[in-house]
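Here's the structure, in structure tokens; my notes come after.
What follows is calculated from the coordinates using simple rules that are stated; it is not laboratory data. Predicted model, so just to flag it, every value in this text is computed and none were measured. Cβ atoms come from the backbone with ideal geometry, glycine included; neighbour counts cover every protein chain shown.
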Amino acid sequence: MNPNRSPNTAAETAPLIRLQGIQKSFLSDELETRALDEVSLVVRCGEFLAVSGPSGCGKSSLLSILGLLDSPSSGSYELNGQRVDQLDPRARALLRNRQIGFVFQAFNLISDLSVEDNIALPLSYRSEMSRAERRARVAEALAQVDMAHRARHHPAQLSGGQQQRVAIARALVGQPRLILADEPTGNLDSRNAELVMALLQKVHAGGATLCMVTHDPRYAALAQRTVALFDGRVVADLPTAALHSGQARAAGGQPALAEAL
Ligand SMILES: Nc1ncnc2c1ncn2[C@@H]1O[C@H](COP(=O)(O)OP(=O)(O)OP(=O)(O)O)[C@@H](O)[C@H]1O
Ligand SMILES: [Mg+2]
């Protein structure tokens, strides 16, 4: 599937994410680590963005802020036209539950819950939704990732690839407009990684905006655009096709950019 043939042509759609001058610092033992430094970024509705860069450059920190799991030390974040960097944790959680789905490298399923109960979890915060609708949504999400036959299993009874498919179903069940994936194929063999990428591409083709951290150039190449970070800064923000042709080679003279790619 060609992600560039998504129903949303990125250049024509409105911004979903607008970051301006985002800083994120962590203080521990009087030591300050600056994870993000003056990050400004616009992601349009329906885009598929890859985030790359060496270990420790700030990729997960960026995704945590985009996903309202953490707030920036300074700078502004508009999600769908609404300022969200100053929201209190409760308002952030509400917005996150409605608008954002996460997929993590380590799957992060709850071991005590069955597959279907894991997937249903995001819906438990939607008091307006009837039991019947919840059940229908869970069944639909299970079918989307081809895991209906394992609905009653527990995570420990599944392979890594199956667990990640369940995690994707959990991310999709609330029908969020933004999917954030942090190295979703990092713990998978290549066959399962390809299955997971095919699923994520399908979700993107269905209209969701997808921001994915990946170290794997094969999967970064599926995105429409790649943002490269180095030491907490954006050092490249280019259409993916350009990164894999002459412009990436032209970056050879810039060590930070070359390493981030
Ligand atoms: N909770 C925290 N407390 C202190 N420092 C942190 C915290 N989280 C991240 N950092 C620091 O911020 C920097 C960026 O970390 P981050 O996890 O965003 O990197 P990353 O690009 O995702 O790396 P990797 O590819 O290894 O996952 C690192 O120097 C890290 O040590
Ligand atoms: Mg990380």
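Just a few scattered comments:
- Treating r as the C-beta distance of A139 and F26 and R0 as 45 Å, the FRET efficiency rounds to 0.60.
- Counting 0.36 nm for each residue step from R83 to R131 and taking away their Cα separation leaves a gain of 14.0 nm.
- In sequence order, calculated HN-Hα J values of region 126-134 (Karplus, 6.51, -1.76, 1.60; Hz; x Gly/Pro): 9, 5, 6, 8, 6, 4, 5, 5, 4
- Degrees separating the helix 190-205 axis from the principal Cα axis of the chain, which is the longest one: 90 degrees
- With K and R counted +1 and D and E -1, the other residues having a Cβ less than 12 Å from that of G186 yield a net charge of -3.
- Isotropically averaged projected area of region 3-260, using the convex hull of Cα atoms (one quarter of hull area), nm²: 14.8 nm²
- Gaussian network model of the chain, springs between alpha carbon atoms under 10 Å - residue of H204, H153, H215 with greatest fluctuation: H153
- Here is how the number arises for the chain: DSSP H runs of 4 or more residues each give -39500 (n - 2.57), the sum is divided by the residue count, and the result at 222 nm is -9500 deg cm²/dmol.
- Karplus 3J(HN,Hα) series, Hz, for region 148-154 with 6.51 cos²θ - 1.76 cosθ + 1.60 (x for Gly, Pro): 4, 6, 10, 4, 8, 6, 9
- The phi torsions of region 215-224, fed into the Karplus equation with coefficients 6.51, -1.76 and 1.60 and a -60° offset, translate into couplings of 8, 9, x, 5, 7, 4, 5, 7, 6, 7 Hz, rounded to whole numbers, with Gly and Pro shown as x.
- Residues in region 140-154 that a label on I110 would reach, taking backbone N under 15 Å of a point 7 Å out along Cα→Cβ: 154
- Amide H within-cut-off set for A221, under 5 Å, with H built and near neighbours excluded: none
- Antiparallel bridge percentage (DSSP; both residues within the chain; nearest 5): 55 percent
- Amide H contacts under 5 Å for L229, placed H, 5+ residues apart: S52, G53, V235
- Taking GluC sites (Glu not before Pro) as exposed when their DSSP state is a loop state and no more than 15 other Cβ atoms lie within 10 Å, the longest site-free interval of the chain runs over 129-261.
- Amide H contacts of L16: V43, R44, C45, each under 5 Å away and 5 or more positions distant or on a separate chain (H built 1.01 Å from N in the peptide plane; Pro and chain starts excluded).
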